[in-house]
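Worksheet: the structure to be examined is printed underneath.
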Amino acid sequence: MAANTDQLLANARNLRAAAGSDYHDTLMASIYADAEQIAERAVTVEGQRGRFDFDRTLDRILTSKMWGFPAMLALLMGVFWLTIAGANVPSQMLGTLLLEHGYNALHQLAAAINMPAWLSGLLIDGVYLATAWVIAVMLPPMAIFFPLFTLLEDFGYLPRVAFNLDRLFHRAGAHGKQSLSMVMGYGCNAAGVVATRIIESPRERLIAIITNNFSICNGRWPTLILMGTIFIGAAAPPLLASFVAAGSVVAVAVIGIVVTLLVSAFLSRTWLKGETSTFSLELPPYRPPRIWQTVYTSLIDRTLIVLWRAVTMAAPAGAVIWLSSNIYIGDMSIAGHMVQWLNPFGLLIGLNGIILFAYIVAIPANEIIVPTILMLTMTLGTAAAGAQAGVMLELEDAQVYGVLTQLGGWTLLTAVNLMLFSLLHNPCSTTILTIWNETKNLKWTAVATLLPLGLGFAVTFATATIARTLGWV
């Protein structure tokens, strides 16, 4: 209705300028004409067949109580499948360019200028390799996912998602606008936290900030996609492998929505009690997506900005990983000591010490979780051929599966719990800093950081306990 009102006001201004002394009569005639057009479109007379209206017909499906959620899951499934299937080839090409040719060229340059071994190791094996890995792994999925997501937004579908979820958030004692900030979090949790500014109530905004981490940010997609592909999808027939892998990723995303609602309900009934606000959500008309503008906007405003943020965080993380793997205390590296110390607790929750250490050093950039795990798995204990301490590797999916299962002792439980822990662990350092900037409160920053981590430990422990009780592992 807002669009119609704006049109009426624009018509009135134009008529006043043109009609002169007959302004009022002309204005009334125009109002009646516009009202007649609106009535023809929106009102159905009993006994007469209503005119076909594309927006209304599509909304009957996308916003219905019966079909709204299945349609939403189907669209998400399609987006994830296209991302998984489409990112393989460009990721391999970037990996070859950066992780092979670029890496070798830099080492040749270091040798030519007689750079000390420790410095070339730190800068090339540590900083450069971590940065290159983030670009190779993160850029292709983002270049597919963000444009697809933006096309849905441009088409007018995302407000329908918010409309479908509004009832659930209201029942959870949260603000309906939290659904919008949650959707933003699927690109970047830091952006999702900033998006909570649209919520006027401080109490409900805090709930949205604390729970935004349960939206899977772009840095966590590679881990979920890889685990879903090599462990879950591989268990299905080859023709269905990519669909099963995509389905497992969608399942984790749905679990994230459920956890968001449950934690929001807990917070609204305990630490953040209060009345739930209401708001009016206008559903804009559907419009044909502006494909080229959408692609340009999503690549510049989302993909490259998020990639740059990840790269700036990955560089120091790479340095820490290399240093911890190459500085020895006694007969073992710092990384080896940390892994040995964390391993009993990691095994208790269905993971291992390498995974937990990788999450600690990769807090600045979730994108380097998997290469860090692979490097540590291949270098700690009996070193595998071609593996060097602190040097992250690029492997084919089949090789990754072999390394993790044969050298790392991984099972299906390890992969499933890694997917769950990736969903529920603490926010990255960029998001933590954003939460502090938005709240200026140490208490709520700590809650937003530690609450997901506690849930991650609890859920993975419960899953591991059930699997062991039933004899699955």
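Read-outs: derived from the displayed coordinates by stated rules, not from any lab. In this text, all values refer to a predicted model and were calculated from it rather than measured experimentally. Quick reminder, even Gly has a Cβ in these numbers, built from the backbone with ideal geometry, and neighbours come from all protein chains shown.
From the square roots a ≥ b ≥ c of the eigenvalues of the alpha-carbon gyration tensor of segment 144-224, which class results: rounded (a/c under 1.5), prolate (a/b over b/c), or oblate? Here segment 144-224 falls in the oblate category.
Note on segment 52-473: Cα-only Rg and Dmax are 22.0, 78 Å. Averaging the Cα positions of each part gives two centres, and for segment 182-228 and segment 254-272 these lie 13 Å apart. Residues 292, 444, 322, arranged from fewest to most other Cβ atoms within 10 angstrom of their Cβ, appear as 292, 444, 322. Taking a point 7 Å out from the Cα of residue 257 in the direction of its Cβ, the residues of segment 164-196 whose backbone N falls within less than 18 Å of it are 164-188. Segment 428-466 and segment 293-360 have Cα centres separated by 17 Å.
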